[in-house]
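Here the structure comes first, spelled out in structure tokens, and everything after it is commentary.
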Amino acid sequence: MPEQPNLDLAPIGNCAATALIDRDGRFVWACYPRIDGEPVFSALLEPSCGGSENAGFWSVEMADVTETTQEYIRNTAVLRTEMRDAHGAVVEIIDFAPRLHHLNRTYKPWAFYRLIRPVSGTPRIRVRMIPTGHWGRDLGEATYGSSHIRYECGPAVMRLTTNAPLTYLREDQTFRLEGPLGFHLGPDEPYPNEVLTDAEHMLRATIAYWQGWVRTLTIPLEWQEAVIRAAITLKLCSYDDTGAIVAAMTTSIPEAANTGRNWDYRYCWIRDAYYVVRALNRLGAADMLESYLVYLRNLTDQSAGGHVQPLYSVSLQSDLTERIAPDMTGYRGMGPVRVGNQAYEHHQHDVYGQMVLPLTQSFFDARFLRVGTEADFHTLEKVGERAFAVYDKPDAGLWEFRTIARVHTYSALLCWAACDRLANVAVSLGLNERSAFWSERAGIIRKAIEEKAWNEKLGIFAGSFGGEEVDASLLQLFELGFLPADDPRCIATFKECERQLRKGDNFYRYVEPDDFGAPETAFNFCTFWYIEALHLQGRTEEARDLFEAMLARRTHSGLLSEDVQVETGELWGNFPQTYSLVGLITCADLLSRPWTTVR
């Protein structure tokens with residue numbers, strides 16, 4: 001086991017089940033029965049029930065191992081780990097969650113397959129599974145059958161079916177691997193087939209699914225491997241059953257060491273999901289976009305023109321009461337581990353724009369199976385009414401301040417965008433009176449932003465009405481089409497943001513102290529926002545250099561977390577972070593040489 005956990009992890013999944021696997025091939029994080037459930041593999045956050053022996057993992061350990069390598073099978077979410085021992089023996093481990101087309105539907109159960117194959121020599125291995133329950137309080141209780149092990153992990157009950165010798169698994173014995181072994185981990189249900197044959201079949205079908213999906217993407221000429229890996233991982237962060245997209249797969253990885261900035265990101269933030277679908281739209285991933293619009297339409301109906309929370313569960317549950325899990329020590333011992341997120345109580349007024357903007361596409365995109373209707377438009381107008389009602393009211397803002405309320409410029413900007421896009425939709429439907437109505441309201445908000453967010457003394461747009469502070473969200477003024485990038489006010493604001501927020505190759509969200517003091521790490525997504533702004537300001541070569549520096553920070557699996565420690569380059573914050581991967585895709589698309597240069 002590594003001396004301490006780190007974020008050099010590789011996710012696998014199928015849009016129903018997700019897991020994180022470390023460089024040694026250990027499952028160290030997976031929740032049941034869905035991404036926001038209880039962790040049954042919890043080693044990443046050091047459950048107390050393991051004591052000095054640790055717990056919450058599923059490992060394959062090779063005797064006398066000298067080298068371990070790991071990579072994905074090309075253009076898939078299937079992970080291959082290879083181990084070599086001091087005697088020349090080699091073993092490969094293939095991990096995946098099955099996802100395939102079957103009987104005119106997508107088969108995607110909460111399940112994982114693990115194949116262990118001898119490649120050369122006679123490897124000696126030990127297979128250990130020590131799941132946990134009740135958020136690290138208890139070890140999973142194992143009951144043995146003839147070819148399976150049943151694990152009771154609090155409310156989660158799982159079954160491991162295998163052709164491996166159960167005696168060795170039960171007694172933690174090392175044994176010779178003389179042929180391939182198959183493992184299926186899923187709900188506590190009888191497994192109807194021969195597990196090894198089934199695992200091989202599921203592997204072939206799952207590889208075919210992912211490689212087929214990647215072939216549907218429209219990718220830039222440059223940085224293709226990085227874009228494809230980011231796109232696959234964004235898809236893994238979606239929950240197919242409802243269309244929700246979570247912000248990350250984990251909870252409580254600190255934004256910086258020993259700061260208490262530990263949050264549960266396993267929920268659907270309307271803001272984060274908006275940026276995800278925008279990035280996927282660049283790649284032509286209409287399937288995810290259309291699925292998320294179903295989630296949004298359900299939310300639109302549920303809110304009925306009233307308050308919309310910043311986040312919901314993947315099933316649209318609204319109560320996400322935050323609590324501490326006392327039996328989880330935390331990442332590297334840095335608690336607390338939080339379950340739920342208090343931000344669900346916040347008023348963050350940008351959410352109304354982030355509901356309208358994705359749904360706008362359904363009125364214009366002929367690819368969609370279900371195009372927007374006039375009835376949809378009138379339902380969406382209720383969201384616009386709410387945006388207009390609150391655009392000049394204080395809120396917690398996109399940075400989710402817990403004790404600071406202001407009229408944030410970014411929130412007003414997204415309320416403007418909601419009204420502006422509703423006017424566009426009305427034109428497409430031939431509703432000219434409604435178009436004029438929403439254009440007038442957009443104009444009112446525009447005037448307020450230009451007058452109240454503009455600080456005449458400093459000659460910049462401030463982060464809040466009447467304020468003097470700047471934050472990275474001001475870079476969205478021209479990205480969202482509020483002002484052209486060459487507007488003198490945008491140029492001045494960009495320069496001031498650059499002066500205050502850029503630290504080397506990093507860009508901070510803000511630098512003023514918040515509820516937890518001054519920020520200690522840079523926000524990776526904001527650095528990508530800055531790269532995008534550099535390009536729009538005509539500094540493209542500088543943007544490309546900074547983009548390459550960001551790519552160099554990725555883990556071996558090609559991914560990023562939320563934050564980076566500026567001095568060391570170490571990744572912090574929840575992982576993998578959808579915001580960060582969105583920035584990667586967006587910047588690659590903007591900065592790449594066009595295909596016409598090679599064909």
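The values are calculated or read from the model by the stated rules, or taken from the named source; none is laboratory data. Everything numeric here is computed off the predicted structure, so don't read it as measured data. Glycine also receives a Cβ, built like all others from the backbone with ideal geometry; neighbour counts cover every protein chain displayed. Protein only, heavy atoms only, side chains kept; ligands, DNA and RNA dropped before computing areas. Shrake-Rupley method; radii C 1.70, N 1.55, O 1.52, S 1.80 Å.
Results, tabulated for the structure shown:
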{"item": "Sequence-distant residues sharing a close amide H with THR18 (under 5 Å, placed H)", "result": "CYS31"}
{"item": "Inter-site label distance for LYS457 and GLU512 at 7 Å from Cα along Cβ, in nm", "result": "1.3"}
{"item": "Counting all C-alpha pairs of segment 512-599, share separated by more than 16 Å (%)", "result": "56"}
{"item": "Rg/Rg_globular for segment 41-131, with Rg_globular taken as 2.2 N^0.38 Å and Rg from C-alpha atoms", "result": "1.30"}
{"item": "Table column - 3J(HN,Hα) (Hz), segment 85-95, Karplus curve with 6.51, -1.76, 1.60, x for Gly and Pro", "result": "9, 5, 9, x, 6, 9, 10, 10, 10, 10, 10"}
{"item": "Cα centre as origin, Lys/Arg/Asp/Glu Cβ charges: segment 479-599 dipole, Debye", "result": "460"}
{"item": "Value of [θ]222 nm, deg cm²/dmol, for the chain, DSSP H segments ≥ 4, -39500 (n - 2.57) each, nearest 500", "result": "-10500 deg cm²/dmol"}
{"item": "Between helix 195-215 and the chain: long-axis angle, C-alpha atoms, 0 to 90°, nearest 10", "result": "20"}
{"item": "Largest-first ordering by accessible area, 1.4 Å probe, given options ASP95, ASP64, ASP8", "result": "ASP64, ASP8, ASP95"}
{"item": "Ellipsoid equivalent to the chain - semi-axes via the Cα gyration tensor, in Å", "result": "43, 25, 23"}
{"item": "Magnitude of the charge dipole, segment 251-323, Cβ model with Lys/Arg +1 and Asp/Glu -1, debye to 20", "result": "160"}
{"item": "Percent of Cα-Cα distances greater than 12 Å, calculated over segment 200-244", "result": "69"}
{"item": "Formal net charge of residues neighbouring ILE130 (Cβ-Cβ distance under 10 Å; K, R +1; D, E -1)", "result": "-1"}
{"item": "Heavy atoms of ARG105: accessible area, 1.4 Å probe, square angstrom to 10", "result": "130"}
{"item": "Cα gyration tensor shape of segment 124-163, rounded if a/c is under 1.5, else prolate or oblate by comparing a/b with b/c", "result": "oblate"}
{"item": "Gyration tensor (alpha-carbon) shape descriptor, segment 493-558, a/c threshold 1.5", "result": "oblate"}
{"item": "Accessible-area value, LYS382, 1.4 Å probe, nucleic acids and ligands omitted, Å²", "result": "110"}
{"item": "Nearest-20 debye value, the chain charge dipole, Cβ charges on Lys, Arg, Asp, Glu", "result": "1120"}
{"item": "Accessible area of the chain belonging to carbon and sulfur atoms, whole % at 1.4 Å probe", "result": "48"}
{"item": "Rounded to whole Hz, the Karplus (6.51, -1.76, 1.60) HN-Hα couplings of segment 577-583, x for glycine and proline", "result": "8, 4, 3, 5, 6, 4, x"}
{"item": "In degrees, nearest ten, helix 540-551 long axis to first principal axis of the chain (Cα)", "result": "30"}
{"item": "Cα-based helix-to-principal-axis angle, 270-283 vs the chain, degrees rounded to 10", "result": "80"}
{"item": "Residues of the chain: accessible area per residue with a 1.4 Å probe, Å²", "result": "37"}
{"item": "Anisotropy class of segment 106-147 from Cα gyration tensor, a/c 1.5 cut", "result": "oblate"}
{"item": "Quotient of Cα Rg and 2.2 N^0.38 Å for segment 255-379, N being how many residues it contains", "result": "1.24"}
{"item": "Sequence ranges 393-402, 23-32, 203-212, ranked by mean other-Cβ count within 10 angstrom, highest first", "result": "23-32, 393-402, 203-212"}
{"item": "With all protein chains modelled, accessible area of PHE516 [1.4 Å, Å²]", "result": "80"}
{"item": "Highest average packing first - 116-122, 266-272, Cβ atoms within 10 Å", "result": "266-272, 116-122"}
